[in-house]
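One structure below.
The values are calculated or read from the model by the stated rules, or taken from the named source; none is laboratory data. Keep in mind the model is a prediction, meaning the values are calculated, not measured. Cβ coordinates were reconstructed from backbone atoms using ideal geometry, including for glycine residues, and neighbour counts include every protein chain displayed.
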């Protein structure tokens, strides 16, 4: 289970949220080609690493927002509002910390 | 009658000898003491054979004293019914406990399945992958299924109470040994919220049997003081009988607590969100590999030590030590100090520290170093141990038990589940925690701190260099060294492949005492280092968690939340028979006899007047200057041209052009709309609108307010509907001239209650939907019912409404549509063609595939009067012989009371151009000739609802 | 930890006027200032108080004033601002939860952090409670106020009764 920091309500359980898939998709208009349209509908980046995706705090404030999540470690690298640009994907590597073995 | 306990020491241990407890094992009455586990009590009574091997049914005894136990898995009934696969080593003894062996027939001391052991050569690893190919698996399946599996499922209702508990803490400490308690004290003194989870019934871990000096204090005193201090802290929660079973992302862990004190047995599944986790989970001693190392009486050295020191139980009269490390010597010396006879210790290492040798010899223990452990001899128990001495000769030690130790392996399961990486430490010959992305620290033996390398001196593990006889690796799944050799020979050299081929580590103990030996053997066979072979993936759960605990209270009436109508009780009092429609509990029909009731209700609406509760109808208000533009983008229809006070039917699509909901759109004012969605779609569509507004068109000036439950809706339908409503004070001018079909009106009733009245029809008759605040629902239904009495008004339920709308050919989204149905398939082509601006799904409808003429299209069908019901799901079949095929299916069906024959709707290839064609409806073997017709069977011009 | 019943008192909240108010999220601050909305369940002006539901979204409440008066407040204060205020008094079911085991009861049904200081006085959260969308507010009178969709009330009360065991008063 993920613990997701809602920009308005703070950190909550994943069950309170709805996943909305990859963010920053541009919706083509009616004049788009079949290829452009199918690209928008079906093709996603599915990266190994930081993924920019949108979530809705559906059982809370009902607001959509963006999450930058590492698909390997499930770490949430950043949270930002709809309409904002994704943060630079610098904080990807080196996220593993040494275990503090006593 | 109870027996005395022949293997109980006259004194010592932490058991309460003043509180004897009676229990039975395989029906035999036995006695133990409070503070015993079932395993320690069985051993005290001299019970050596507790179970049978999974595959070969060899006799097996207790191996360990903890969670790693592979053999002593028993059926146990502590008053809550017989529960299978209980670890006897963890189960606290209780008065009246009934325990029984598993996987043994007819009895655990004589098991017919042992014949498998005598023919073991026939059943190597992977035999089931090779043996059951011919003539086919089905021939063997019955016998194999009978032989497979461990334990029996309990029968009858489960008396255990299960529940969940969510919690948060600053620090979760797993394990209450010296390392765990030390971490807990530190965090508690800092003021952190602390949870300490201890799997056992007592806190202290190894201190309970292996005392030491901590900060200058005797560990017993330190332990008592630590528990007293932590118990006194309001910021500390101590949990006994609690296993942390799963370590998930973002420091979420599950803690499975078994509540034992008082009343009904209960289990609590904690979901702990911890800021920081301390894993003080200790280490698990590993067996040594030699021939017959599974005989009852052969146990882990540390476990024997624990039974002697904590429980006052001697696991044998003459215990031979067979070891490869210094820590095990400590166990043997302690055993001897507890009064257990230890005639000799056999160590694979040539050099053992002088101090240890001296200590052994001072206790009369013969020391044999540089030895090669070879085999144990015995049948149902150990009689002797054979080893190759350093002089090259085979020698024998007579003994009735063997304390073995292949060294310790840190319990890193949770660490690994957390995403922690492990590294193989050559000095300690085990896997140690290395790095983890989560906020976790590992303390004590779990971090490899069971001894300094100089005080440990472990020899590299290996099996006995012989092919004769079986050397067991996985005691529970009966996997031998030979099986791993076979796997390596057949190129299953990846540890994951070897595991699945041999099933080593795949049993319910998940290889806690076998994984390390298995991969060590594999490493040698493939000329690799153990660290290069690596471990298999550790997954939750560390220990089994009952399905009941996972389900918690989510069963029976609490399986899923049920929603009720505001006038639910009134409907019940008027004969409603309720059914579940989505999350709603609604009247399906009223009175007795389902079919007759539905038919009666349909006739009343067609000929007189009916009253229906439509309260779950979704209601969403949208207000703002951009509301109309926004709705034009959301609906496949044009909304902006709707005049205030008017109502229009609307279809919603997803971006794929698939119909996701329908309902009417009401324009309350120039800048304010009310959307009616299907009952099941109310929440989903409100979220859908929010998503498009927030994510795609955030600049649209509008606000969205769902108000479904605020309003109760009473639908009055039928030719006499107007006459009934006219008597309702405050509702006037209901004639078509003043208030035509598809219009809306709002106001205040004569008693001051606000109302909204929509003239819309789903039944095809003259119909009004009266909305009032939900608290007025019952009063409004009562009043309408009374007003309707002179007009013969009857109540009708969801089932009758579904028949009425089927007769009318009205769509039921989700029944008449599926995940492929577009508005073009439903006959809305002209409406779509008229749209020039974009809306959700518009672009998809222009794809060639969406315009193919051979798509399935919505049609009506009818059968001859007297033909039986053609059920939804039946197929439209054409052709004969090889050309016979299904061209579509029935989506809604009924025997129409109005038309007196079976009718329905369906999706049929090229359906629009096939009106008048005769096809066959195939329903589970029943074949009914049907004729394809227009999807409207009643009042095609709509005059009944319009005039 | 024993498995005896919980000491919890549950009473229905009746007669409260509730108005759902929504403005565009960016207008939230303006609306809050115009209506002088304070922390949830704190009396923001006279006998009025409010629960924050999300950006630009409140439930305005009063035990004395009627919904019509609350709607009047909005009209008066938010004149030029795009807003929609609707009477939802009948659509919501409220109950007051108090007693020593209130937190234990809630913890069976929600993952919200109930530790003191996290969900402090006068704060309010929307979450899932026993799988039902719910608003939990810390009551000024002590204990919690819980608001759910009215259609779930019967099921939720049954759930509470079962969860509390025989000790439910």
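Might you let me know whether segment B:861-871 holds any residue that is within 22 Å of residue B:820 (Cβ to Cβ) and surrounded by fewer than 19 Cβ atoms within 10 Å (Cβ to Cβ)? Checked against the condition, which is being within 22 Å of residue B:820 (Cβ to Cβ) and surrounded by fewer than 19 Cβ atoms within 10 Å (Cβ to Cβ), segment B:861-871 yields at least one hit.
Test residue B:821 against the criterion of being more than 21 Å from residue B:932 (Cβ to Cβ) and either part of a loop (DSSP other than H, G, I, E, B) or touching a residue at least 60 places away in the same chain (Cβ under 8 Å) (or both), and give yes or no. So residue B:821 fails the test. Of the numbered criteria (1) modelled with pLDDT of 95 or more; (2) over 15 Å from residue B:550 (Cβ atoms); (3) in contact with a strand residue (DSSP E or B) (Cβ under 6 Å, 6 or more places away or on another chain), the one residue B:249 fails is (3). Only one of the numbered conditions (1) touching a strand residue (DSSP E or B) at 6+ places or on another chain (Cβ under 6 Å); (2) within 18 Å of residue B:614 (Cα to Cα) is not met by residue B:748, and that is (2). Scanning segment B:252-264 for residues that are surrounded by fewer than 19 Cβ atoms within 10 Å (Cβ to Cβ) and touching a residue at least 12 places away in the same chain (Cβ under 8 Å) yields a total of 2. What about residue B:577, is it in contact with a helix residue (DSSP H, G or I) (Cβ under 7 Å, 6 or more places away or on another chain) and either within 24 Å of residue B:812 (Cα to Cα) or modelled with pLDDT of 95 or more (or both)? So residue B:577 does not fit the description; no. Looking only at segment A:47-70, residues that are in contact with a strand residue (DSSP E or B) (Cβ under 8 Å, 6 or more places away or on another chain), more than 17 Å from residue A:83 (Cα to Cα) and away from every other protein chain (no Cβ under 12 Å) come to 2 in all.
For segment C:98-153, a residue qualifies if it is within 10 Å of chain B (Cβ to nearest Cβ), part of a loop (DSSP other than H, G, I, E, B) and under 10 Å from the mean Cα position of the chain (by Cα), but none of them does.
Yes or no, residue by residue, for (1) surrounded by fewer than 20 Cβ atoms within 10 Å (Cβ to Cβ); (2) at pLDDT 75 or above; (3) part of a loop (DSSP other than H, G, I, E, B):
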{"position": "B:130", "(1), (2), (3)": "yes, no, no"}
{"position": "B:134", "(1), (2), (3)": "yes, no, yes"}
{"position": "B:145", "(1), (2), (3)": "yes, no, no"}
{"position": "B:151", "(1), (2), (3)": "yes, yes, yes"}
{"position": "B:157", "(1), (2), (3)": "yes, yes, yes"}
{"position": "B:165", "(1), (2), (3)": "yes, yes, no"}
{"position": "B:169", "(1), (2), (3)": "no, yes, no"}
{"position": "B:173", "(1), (2), (3)": "no, yes, no"}
{"position": "B:181", "(1), (2), (3)": "no, yes, no"}
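Of the strands (runs of 3 or more DSSP E) lying entirely inside segment B:253-372, those containing at least 2 residues that are in contact with a helix residue (DSSP H, G or I) (Cβ under 6 Å, 6 or more places away or on another chain) are B:266-279, B:283-285.
Considered as a group, the residues in segment A:7-27 that are at the interface with another protein chain (Cβ under 10 Å from one of its Cβ atoms) and in contact (Cβ under 8 Å) with a residue 60 or more places away in the chain include one that is surrounded by the fewest Cβ atoms within 10 Å (Cβ to Cβ), and that residue is A:7.
Exactly one residue out of B:377, B:273 is surrounded by fewer than 19 Cβ atoms within 10 Å (Cβ to Cβ) and either closer than 30 Å to residue B:254 by Cα or modelled with pLDDT of 95 or more (or both): that is B:377. Of everything in segment B:433-456, what is part of a helix (DSSP H, G or I), touching a residue at least 60 places away in the same chain (Cβ under 8 Å) and more than 13 Å from every other protein chain (Cβ to nearest Cβ)? Give them in sequence order. Result: B:455, single match. Of the residues B:690, B:751, the single one that is within 10 Å of another protein chain (Cβ to nearest Cβ), without any contact (Cβ under 8 Å) to a residue 60 or more places away in the chain and closer than 29 Å to residue C:16 by Cβ is B:690.
Count of segment B:898-935 residues, restricted to those that are outside any strand (DSSP E or B) and more than 46 Å from the chain's Cα centre (by Cα), is 10. Just checking, does segment C:37-51 include any residue being buried (at least 18 other Cβ atoms within 10 Å of the Cβ) and within 14 Å of chain A (Cβ to nearest Cβ)? The answer is yes, given that some residue of segment C:37-51 is buried (at least 18 other Cβ atoms within 10 Å of the Cβ) and within 14 Å of chain A (Cβ to nearest Cβ).
Okay, residues lined up against (1) touching a helix residue (DSSP H, G or I) at 6+ places or on another chain (Cβ under 9 Å); (2) farther than 21 Å from residue B:759 by Cβ; (3) crowded, with 18+ Cβ neighbours inside 10 Å:
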| residue | (1), (2), (3) |
| --- | --- |
| B:625 | no, yes, no |
| B:653 | yes, yes, yes |
| B:660 | yes, yes, yes |
| B:670 | yes, no, no |
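Of these, B:700, B:771, B:743, which one is within 12 Å of chain C (Cβ to nearest Cβ) and either modelled with pLDDT under 95 or farther than 19 Å from residue B:795 by Cα (or both)?
Every option except B:700 fails the conditions.
To keep it simple, each residue is scored yes or no on (1) touching a strand residue (DSSP E or B) at 6+ places or on another chain (Cβ under 7 Å); (2) in contact (Cβ under 8 Å) with a residue 40 or more places away in the chain.
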{"site": "C:35", "(1), (2)": "no, yes"}
{"site": "C:54", "(1), (2)": "no, yes"}
{"site": "C:61", "(1), (2)": "yes, yes"}
{"site": "C:67", "(1), (2)": "yes, yes"}
{"site": "C:84", "(1), (2)": "yes, yes"}
{"site": "C:101", "(1), (2)": "no, yes"}
{"site": "C:110", "(1), (2)": "yes, no"}
{"site": "C:115", "(1), (2)": "yes, no"}
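Among the residues making up segment C:63-97, those that are closer than 30 Å to residue C:159 by Cβ, within 12 Å of another protein chain (Cβ to nearest Cβ) and part of a loop (DSSP other than H, G, I, E, B) are C:88, C:89, C:90, C:91. Where strands (runs of 3 or more DSSP E) fall wholly inside segment B:19-100, the ranges with 1 or more residues that are farther than 27 Å from residue B:158 by Cβ and in contact with a helix residue (DSSP H, G or I) (Cβ under 8 Å, 6 or more places away or on another chain) are B:28-34. Could you go through segment B:52-60 and let me know if any residue there is surrounded by fewer than 24 Cβ atoms within 10 Å (Cβ to Cβ), at pLDDT below 95, in contact with a strand residue (DSSP E or B) (Cβ under 7 Å, 6 or more places away or on another chain) and closer than 26 Å to residue B:291 by Cβ. Yes, segment B:52-60 contains a residue that is surrounded by fewer than 24 Cβ atoms within 10 Å (Cβ to Cβ), at pLDDT below 95, in contact with a strand residue (DSSP E or B) (Cβ under 7 Å, 6 or more places away or on another chain) and closer than 26 Å to residue B:291 by Cβ.
State whether the residues of segment B:802-815 include one that is free of Cβ contacts under 8 Å to residues at least 24 places away in the same chain and in contact with a helix residue (DSSP H, G or I) (Cβ under 9 Å, 6 or more places away or on another chain).
No, there is no match, as no residue in segment B:802-815 is free of Cβ contacts under 8 Å to residues at least 24 places away in the same chain and in contact with a helix residue (DSSP H, G or I) (Cβ under 9 Å, 6 or more places away or on another chain).
Is it the case, given these coordinates, that residue C:4 is facing another protein chain (nearest Cβ under 10 Å) and at pLDDT below 95? The answer is yes for residue C:4. Of all the listed residues (A:30, A:41), the sole one being surrounded by fewer than 16 Cβ atoms within 10 Å (Cβ to Cβ), at pLDDT 95 or above and either within 14 Å of chain C (Cβ to nearest Cβ) or in contact with a helix residue (DSSP H, G or I) (Cβ under 8 Å, 6 or more places away or on another chain) (or both) is A:30.
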